[in-house]
Amino acid sequence: MLQVNYIRENKNLVIQRLSVKNFTDLPLLDDILSLDDQRKTLQLQAETLQADANTAAKQVGDLMKAGKRSEAETIKASTTSAKETIKNLLDKITAIEQTLQQKLVLLPNLPHTSVPKGTTPDDNEIVLSHGNQPTLPQNALPHWDLATKYNLIDFELGVKITGAGFPVYKGKGAKLQRALINFFLTEAETAGYQELMLPLLVNEASGFGTGQLPDKEGQMYFCTQDSLYLIPTAEVPITNLYRDVIVKENELPIKNCGYTPCFRREAGSYGAHVRGLNRLHQFDKVEIVQITQPEKSYQLLEEMSLHVQHLLQKLGLQYRVLRLCGGDMSFASALTYDMEVWSAAQKRWLEVSSVSNFETFQSNRLKLRYKANEGKNPTSAHPQRQRPSPSTHRSRHFRKQPNPQRHKHPPMPTPLHRLHNHFINTH
RNA sequence: GGAGAGAUGUCAGAGUGGUCGAAUGAGCCAGCUUGGAAAGCUGGUGUACUGGCAACGGUACCGAGGGUUCGAAUCCCUCUUUCUCCGCCA
């Protein structure tokens, strides 16, 4: 979610950046700004009235104490009408805020300046290629045939007990799956990530927190009796751990990883590209997530990309890295690298991993912020040491000083950058 | 599933419907002190929105949401959650 004030102060930049994502609904931006203006005006009115009412209420108390009952009654009577006005104003404000919020979440994240303009996967930029394409013998089989031939995966059994898209892994197939999960987790641990085992069902608030709700409600499995959603990715529980949290700067970067099965309804998917393991309703994924300061996030994104590449190399896979174009990247991402492996049998590139920087987009929505370490390094004359970069943060953070007689900047919570990556390890 | 007791700031923990954004203590930060430290002393120490060039203000927040009242951390209702006991069960 973008911040209204950022939009207001950088309107042209926002328009220009959004165009890279082929977003052109400019009236929406004006709507948002105008709604925010209305909100401010009404809020000021309401708060002024409330301030008066508070003063009056105090006077009543004082007068009652002093025994001046009739004067107190007079003031009482006068406040009653103001109360009604305030309530109306507050109701209006709430309605406007809801509308504003609904419109705000329609705006995608601003793409990074390095993101190429484009509309289809063909416009993605190949950053690098590694290794040579394997050549297979004439009689080579695609994985769905191999899986059957060697009794690794039984798709029909999955259909029997659940439905299509729920494969049963057997024997060495199950063992391979377990080994890959273990391999990814171990590597992540070596790279400094804390391993988490997470709930596979989440509540509605979490769904909103990471943006699956309300838009992608139809893509998630839902348990009606308890109003819980099956997670479509570990990103949901891992990220929501930090909903409404203010972390201390010395805790950064936060590095978490976790394996979970993922559940996706994949409504609308069909055809050859869903064959075998290519598109499942339940699949396994190891996710790594970092939360860090804005000025460090892009460096860490590169590190995460290298981490993934290292894994692919260890597995002896030939791969390429793509920088996704504006049209192909996700709504919330500012920059996404996709890692693709060539499937010789299917004769196409398959996405096996993806690394994204969300900048403050999700942090804003989650209300995830951090607080600078005050006084840890008092000799530092440059408070930008751990400050947000000006490009993503408003200078007003610096202006607000509740304690001006001291010459240090007070710690201000700041939205955090969140990065994540996932491995679809079933290919 | 039933019964009871809780939920207050970073933590612990007070809080007769008005003087409560909230005592006190601890922690943390800064200053004084010291050769340096500890101790001691002094001061500071939440978040969001908002007015103002600023100085400095306003509003809201005591698990969440409603209600009563001129006025709610305090009274009422609903929900969430924690603990204790009982029941049931893999």
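The values are calculated or read from the model by the stated rules, or taken from the named source; none is laboratory data. Not measured: the values here are computed from a predicted model. With ideal geometry, Cβ positions are generated from the backbone for all residues, glycine too; neighbour counts draw on all protein chains shown. Areas reflect the complete protein model, heavy atoms only, side chains present, ligands, DNA and RNA absent. Shrake-Rupley method; radii C 1.70, N 1.55, O 1.52, S 1.80 Å.
Quick rundown of the values:
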| item | result |
| --- | --- |
| Residue-normalised accessible area of chain A, expressed per residue, 1.4 Å probe, Å² | 53 |
| Computed magnitude of the charge dipole of region A:1-104 (debye, nearest 20; Cβ of K, R +1, Cβ of D, E -1) | 220 |
| Heavy-atom accessible surface of region A:24-104: percent carbon and sulfur, 1.4 Å | 55 |
| Helix axis angle, A:26-66 relative to chain A longest principal axis, alpha carbon, degrees | 40 |
| Charge-dipole axis of chain A as Lys and Arg at +1 and Asp and Glu at -1 on Cβ define it, positive-most pick from A:S78, A:N5, A:L180 | A:S78 |
| Semi-axis lengths, Å, region A:24-104, gyration tensor of Cα atoms, sqrt of 5 times eigenvalues | 39, 9, 7 |
| Packing rank of A:175-182, A:131-138, where each peptide gets the mean count of other beta carbons within 10 Å, highest leading | A:175-182, A:131-138 |
| Relative contact order (%) - criterion: Cα under 8 Å, at least six apart; region: region A:24-104 | 48 |
| Compactness of chain A - radius of gyration and Dmax, Cα, Å | 26.7, 103 |
| Nearest-ten-degree value, helix A:11-20 long axis tilted from longest Cα axis of chain A | 20 |
| Acute angle (nearest 10 degrees) that the helix A:69-104 long axis makes with the longest principal axis of chain A, alpha-carbon atoms | 20 |
| Residue-averaged 222 nm ellipticity for chain A, from DSSP H runs of 4+ at -39500 (n - 2.57), nearest 500 | -13000 deg cm²/dmol |
| Alpha carbon centroid spacing (whole Å) that separates region A:278-300 from region A:84-135 | 17 |
| About the Cα centre, charge dipole magnitude for chain A (Lys/Arg +1, Asp/Glu -1 at Cβ), debye | 900 |
| Entries of A:K175/A:K285; A:K248/A:K285; A:K296/A:K367; A:K149/A:K172 with Cα pairs more than 21 Å apart | A:K248/A:K285 |
| Pairwise Lys count, region A:8-76 - Cα closer than 19 Å, eight or more residues apart or different chains | 6 |
